[in-house]
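Shown next, in structure tokens, is the structure this report addresses.
What follows draws every value from the coordinates through simple rules; no lab data is involved. Small disclaimer: the values here were computed from a predicted structure and weren't measured. Cβ placement follows ideal geometry from the backbone for every residue including glycine, while neighbour counts extend to all protein chains displayed.
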Amino acid sequence: MAMMQQQLNCMVACSSAPHSLLSSICSQPNTSTSSRNGRFLFSGFGSSKVSLIRVGKKAASVRCKPLEVMAAVALPNLKAADFQHPLDKQNTTFLRAIPGLNEIGKVLLGPVAEQVMLLENIATSILVSEKQLPSLHRLMVEAANILNLEAPDLYVRQNPVPNAYTLAIAGRKPFVVIHTSIVELLKPAELQAVIAHELGHLKCDHGIWLTFANILALSAYSLPGLGGLIARNAEDQLLRWLRAAELTCDRAALLVAQDPNVVISLLMKLTGGCPSMAEQLDLDEFLQQARSYDEAAASPLGWYLRNAQTRQLTHPLPVLRAREIDKWAKSTQYKSLIANAEISTMAVQRTINGKLSASIK
């Protein structure tokens, strides 16, 4: 009973701020903490260090601005394999092969964990709907339609740390949480790309693994013997998988935005932007910064230092994410996905126009 209570306390702490890809909104500063100490993995889209974010007690008033984005072509036949990053596929295979991981997951992702996370989120966030923050609701629905995915619930949480994250528990409808600070920091198209990034986790079935990783990292250290051993052995592989999964979800963001500048811009803002300086940021300079990093890390010493720098990160370095998305936007794979979607859309439109013409006659 004592052990169950300890795990329950861990889950409450973890549900206050899970893992994510993009982020923004308001709360107290996040506290970095080492996974070696048993506290791990609820970092957001804009954060690359392992951290635990706690929601502040004070809530500042938020004035919501109208959100509008340009319509993008839908991808009705889109499958996860169509855009999944090769490193994501590879590391997911390795993760599934870790002995005992699934068994521990079944224990940790039980009814108690589900209920704790659900109640925590309902109690501390605002559920978005057609009547509650309708502009945000439209961004979510449009992004889900483009990715050929059922829209999950969307919550907004008061927090000064720009972040967004996804939770998916077996038997429950998944949900996405965005912080108020990210709403203030980003333009509507960029905010929708953040939402699309989170939807990418669901499209690729990352949700369960993300939740499992969060709970495992927080709770497995409190399990006797086998639990702690598995957690320690799985830690490096979990982090490698998380970094690879983020690259996949950046691609999902691009598939919704359909403009690489939108995704690169939001990455740049989450790296070192603020509302007062946003208009002075330069995309070309940011991409040049990424190229400079590659050059600096090309030597044997640079390669070693880069690996040491990234080993404990939940996200790839921001400049490398920007470079990756710029590269994929120019690829045949991405261009084919958009071109095929445009052809399908035009075919549907011709069919609709034909039926309208026939009905008029």
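Okay, here's what the table says:
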| read-out | value |
| --- | --- |
| Residues located in segment 147-188, provided they are assigned to a strand (DSSP E or B) and in contact (Cβ under 8 Å) with a residue 40 or more places away in the chain | LEU154, VAL156, ARG157, ALA164, TYR165, THR166, LEU167, PHE175, VAL177, ILE178, HIS179 |
| Criterion violated by THR271 - all others in (1) surrounded by fewer than 24 Cβ atoms within 10 Å (Cβ to Cβ); (2) β-branched (Val, Ile, Thr); (3) touching a Cys at 6+ places or on another chain (Cβ under 8 Å) satisfied | (3) |
